[in-house]
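This is the structure I want to talk about, given as structure tokens.
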Amino acid sequence: MKNIFFCFVIGILLSSNLLAQNQEIDSTNVVGLSEVIVIGKTNLKNRKQVKPLSTIDDYLEESSKVTMIKRGNYAWEAAMNNMLSERLSVTIDGMQIFGACTDKMDPITSYVDVSNLSEVKITSGQQGSENGATIGGSIDLKIQKNDFKKEEFNAGVDLGYETNSNARIISSEINYSNAKFFTNVDGIYRKSDNYSAGNDEEILFSQFEKYNISGVAGVKTGKNGALIGSVIYDKATDVGYPALPMDVSLAEALIASLSYEIDSVNAFINKWETKVYANTISHVMDDTKRPDVPIHMDMPGWSDTYGFYSKIYAKKSNHNLLFNFNGYYNKSLAEMTMYSNDPNENSMFMLTWPDVRTVYSGIYGEDAITLANNKALKFSGRFGFQHATVADEFGLNSLRIFYPDLEDTDSRFIFNLSSEFKLNIKKTSLLFNVGYGERAPSVTEAYGFYLYNSFDNYDYIGNPYLKNEKSLEFNTSINHSTSKLKIGAEASFFYISDYIIGKTDPNLTQMTIGADGVRVYTALDYATIFNTGLSARYKLIPGWTLNGFMGYSIGKDNNSNNLPLISPFSYKAAVQFKKNLFDAEINMNGAGEQKNYSNYFGENKTDAYAILNINASYNFYLNSQKVYLKTGIENLLDEYYSTFADWNNIPRMGRNFFINVSYTIR
């Protein structure tokens, strides 16, 4: 604890002396503990993102608050404040969606694409509890939609190609709007072969193929009211996961919603939005293309969610208010069939998620108060109730092998609270935040049945008697801005009670061939996570800008053991040039050696690395037509490396040439 406190103080003291990347550059705007990453194609020429047709994973990785856990070349898992997805609230336009894979091969972000979205809102810690309970923060993927305005039509086609992995990308969209109606229709197709790491080493089973189509339409129902519907269909096939023992033959999602919005309801309520939604996900793990499989397995999973929310935005004097009443019903079911190599032996069947039905309802309130003398306060809180039922008798009886008195239902209350104070002094702003949050155990943590984790080589069993995980957090930041220089520092500290993690049970026998044993989810007394970051942006001369970022994190359990998947010292630096319709950039990102790793959970030391990238772009305008061209080279020096976030040390992509062309007509 003393070491962590010392690091916290040092991080604040150094903030006036060290330079790093400022988040407020072009596509990113920071407000308090939030960060907004713009994706919409109308902002192509102002984008910070290196490749316009990057995946959502690439966009998220540009955030200073988010790291991506990679198990292959597709469907990376987002982590925030060095906490994985169980401790985050990840939504699509405020809608709750839950993956259908017990091995996290289908994070929520994998079921949308850049063609669907206008922006991603990333909110740290308890200020991210607007759409659901959280410990580490929230990621809300905002669907792209037009507004009601004068008659306007535009259409576009985007093409992309990358030499490493032979990746082919094609995207198109059509948009129309007038004062009473709008519609957006888009689609994108991606196909990638195996990629190569540095030194031209092919990474087998890293291929994937995916297409995504979506549509949004809105119609005015009166002077201030509008009815808006949306649908997204996403399907990925032949997805390889080189860091895992299985691949995916199908990952499919259908996401639909219908909302009613009314503006200027009265003098108090500025806007009232109510949405109902439904989504269904199917996911099939597959090992038929792997050589020398000791025993063939089928592992399908399904997740269906039905929900609603009703949000009210209001203003009274110097109070800006937000209320969100929401709820959902989720059904999660996963199974595994193991086929014996001996035709005389029967196959073995088990439910790895025993048809868990979860009902949640909650209310969120927020009050942002503007005070005199450049001061502001913000208070927010969420109160929720969750009820879970194990609906399958076979699955319930399987869990009763370990928990003989287990009931088929579980109910619990969940609380989240946050307060923030912000002070502006001339060109400097200071922010202080304290929060308290809870989360219920995930379906895997509470009811998982013999789930194999290839990271530490153990089978995992859930624990339905786990308490809510609880977090007390402290955040602070300082930012200074002049006409040429923007510099900032931030730090956060999380004290997490009843920290959920797996512990070895020597009395249990593993199910997976070659596994080292069985671990049962349990709760530590507490764990601590400390994060700090320093950022800056400096305008050298007209057209030239220097950006930089450096960050450091440390995570410990109550016995001072290292927590897994905690980022080491990392940094980014970039020099950008922009003149008229041309811009270019050379950037470097890297990390120090990962020394604070967790042997217990299968981690090992990762070496320091530094990666160099270059890119350039140009806009062409021909009357109502626009052509945007961007090209570049990633990992210019063909470095062979892996990071702390690469599952089982799977190496990252080597040198990669890319080109993106976008054509728009209005």
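The values are calculated or read from the model by the stated rules, or taken from the named source; none is laboratory data. What you see is a predicted model, and the numbers here were worked out from it, not measured in a lab. All Cβ positions, glycine included, derive from the backbone under ideal geometry; neighbour counts span all protein chains shown.
Suppose the filter is crowded, with 17+ Cβ neighbours inside 10 Å and assigned to a loop (DSSP other than H, G, I, E, B); does residue 277 pass it? Outline the logic, then answer.
On the way: crowded, with 17+ Cβ neighbours inside 10 Å: yes; assigned to a loop (DSSP other than H, G, I, E, B): no.
The answer is no for residue 277.
With the checklist (1) under 29 Å from residue 162 (Cα atoms); (2) assigned to a loop (DSSP other than H, G, I, E, B); (3) polar (S, T, N, Q); (4) at pLDDT 90 or above in hand, flag the one item residue 102 doesn't pass.
Exception for residue 102: condition (1).
Could you grab me the full set of residues in segment 263-292 that are of a type in the set (Val, Ile, Thr) and in contact (Cβ under 8 Å) with a residue 40 or more places away in the chain? Before you say what the answer is, go through the steps one by one.
The first filter runs over segment 263-292 and keeps only residues of a type in the set (Val, Ile, Thr), leaving 265, 269, 274, 276, 280-281, 284, 288.
Of everything in segment 263-292, those that are of a type in the set (Val, Ile, Thr) and in contact (Cβ under 8 Å) with a residue 40 or more places away in the chain turn out to be 265, 269, 281.
Continuing with the same structure: For residues that are part of a loop (DSSP other than H, G, I, E, B) and either surrounded by 20 or more Cβ atoms within 10 Å (Cβ to Cβ) or not hydrophobic (A, V, I, L, M, F, W, C) (or both), tally how many sit in segment 436-465. Step through it out loud before you land on a result.
So the first thing to find is which residues in segment 436-465 are part of a loop (DSSP other than H, G, I, E, B), and the list is 440-442, 448-450, 454-457, 462-465.
With either surrounded by 20 or more Cβ atoms within 10 Å (Cβ to Cβ) or not hydrophobic (A, V, I, L, M, F, W, C) (or both) added as a condition, the list becomes 440-442, 448-450, 454, 456-457, 462-465.
Of the residues in segment 436-465, 13 are part of a loop (DSSP other than H, G, I, E, B) and either surrounded by 20 or more Cβ atoms within 10 Å (Cβ to Cβ) or not hydrophobic (A, V, I, L, M, F, W, C) (or both).
Separate question: Of everything in segment 143-158, what is over 10 Å from residue 184 (Cα atoms) and in contact with a Leu (Cβ under 9 Å, 6 or more places away or on another chain)? Give them in sequence order.
Scanning segment 143-158 gives 143, 158.
May I ask you to list the residues in segment 587-612 that are outside any strand (DSSP E or B) and of a type in the set (A, V, I, L, M, F, W, C)? I'd like the intermediate steps shown before the answer.
Residues of segment 587-612 that are outside any strand (DSSP E or B), as a first pass: 592-593, 595-605, 607-608.
The answer is 601, 608.
May I pose another question? Which one of these is more than 25 Å from the chain's Cα centre (by Cα), closer than 30 Å to residue 299 by Cα and acidic (Asp, Glu): 525, 516?
Details: 525 fails: closer than 30 Å to residue 299 by Cα.
Among 525, 516, only 516 is more than 25 Å from the chain's Cα centre (by Cα), closer than 30 Å to residue 299 by Cα and acidic (Asp, Glu).
Now for a different question. Can you tell me which residue is surrounded by the most Cβ atoms within 10 Å (Cβ to Cβ) among those in segment 196-220 that are in a strand (DSSP E or B) and acidic (Asp, Glu)?
209
Something else now. Condition (residue is touching a helix residue (DSSP H, G or I) at 6+ places or on another chain (Cβ under 9 Å), of a type in the set (Gly, Ala, Ser) and at negative phi) applied to segment 237-251: is it met by at least one residue?
Yes, there is a match, as at least one residue in segment 237-251 is touching a helix residue (DSSP H, G or I) at 6+ places or on another chain (Cβ under 9 Å), of a type in the set (Gly, Ala, Ser) and at negative phi.
Are there any pairs, at least 6 apart or on different chains, whose C-beta atoms fall under 8 Å, with the first in segment 57-81 and closer than 22 Å to residue 204 by Cβ and the second of a type in the set (Asp, Glu) and part of a loop (DSSP other than H, G, I, E, B), and if so, which?
Close Cβ pairs (under 8 Å, with a partner that is of a type in the set (Asp, Glu) and part of a loop (DSSP other than H, G, I, E, B)) amount to 75/106.
Checking the conditions here, which among 640, 628, 618, 609 is in contact with a helix residue (DSSP H, G or I) (Cβ under 7 Å, 6 or more places away or on another chain), of a type in the set (Phe, Trp, Tyr) and either modelled with pLDDT of 95 or more or surrounded by fewer than 17 Cβ atoms within 10 Å (Cβ to Cβ) (or both)? It would help to see each step written out before you state the result.
Values: 628 fails: either modelled with pLDDT of 95 or more or surrounded by fewer than 17 Cβ atoms within 10 Å (Cβ to Cβ) (or both); 618 fails: in contact with a helix residue (DSSP H, G or I) (Cβ under 7 Å, 6 or more places away or on another chain); 609 fails: in contact with a helix residue (DSSP H, G or I) (Cβ under 7 Å, 6 or more places away or on another chain).
After ruling out the rest, the residue left standing is 640.
Same structure again: Given the criterion closer than 22 Å to residue 654 by Cα and not β-branched (Val, Ile, Thr), identify the matching residue among 186, 234, 200.
Numbers: 186 fails: closer than 22 Å to residue 654 by Cα; 234 fails: closer than 22 Å to residue 654 by Cα.
Answer to the check: 200.
Of the numbered conditions (1) surrounded by fewer than 20 Cβ atoms within 10 Å (Cβ to Cβ); (2) of a type in the set (A, V, I, L, M, F, W, C); (3) part of a loop (DSSP other than H, G, I, E, B), residue 584 fails exactly one; give the number of that condition.
Result: residue 584 passes all but (3).
For segment 242-277, give me each residue that is among the aromatic types (Phe, Trp, Tyr), in contact with a Ser or Thr (Cβ under 8 Å, 6 or more places away or on another chain) and more than 19 Å from residue 213 (Cα to Cα). Steps first, answer last, please.
Filtering segment 242-277 down to residues among the aromatic types (Phe, Trp, Tyr) leaves 260, 268, 272, 277.
Of the ones still in play, those that are also in contact with a Ser or Thr (Cβ under 8 Å, 6 or more places away or on another chain) are 260, 272, 277.
If the condition is that a residue be among the aromatic types (Phe, Trp, Tyr), in contact with a Ser or Thr (Cβ under 8 Å, 6 or more places away or on another chain) and more than 19 Å from residue 213 (Cα to Cα), then 260, 272 are the ones that fit.
Residues being part of a strand (DSSP E or B), closer than 17 Å to residue 104 by Cα and of a type in the set (Gly, Ala, Ser): count how many of those fall in segment 221-272.
4
I've got another one for you. Quick check: is even one residue across segment 171-191 under 22 Å from the mean Cα position of the chain (by Cα), crowded, with 22+ Cβ neighbours inside 10 Å and in a strand (DSSP E or B)?
Yes, segment 171-191 has at least one match.
Scanning segment 229-275 for residues that are more than 23 Å from the chain's Cα centre (by Cα) and aliphatic (A, V, I, L, M), which turns out farthest from residue 186 (Cα to Cα)?
Filtering first and then ranking leaves 267.
Right, another one. Please go through segment 552-581 and give me each residue that is loosely packed, with under 15 Cβ neighbours inside 10 Å, part of a loop (DSSP other than H, G, I, E, B) and not polar (S, T, N, Q), ordered by number.
581
Of the residues in segment 615-657, how many are part of a strand (DSSP E or B) and touching a Gly at 6+ places or on another chain (Cβ under 6 Å)?
Step one: list which residues in segment 615-657 are part of a strand (DSSP E or B), which gives 615-622, 625-634, 646, 653, 656-657.
Still in the running and touching a Gly at 6+ places or on another chain (Cβ under 6 Å): 615.
The total comes to 1.
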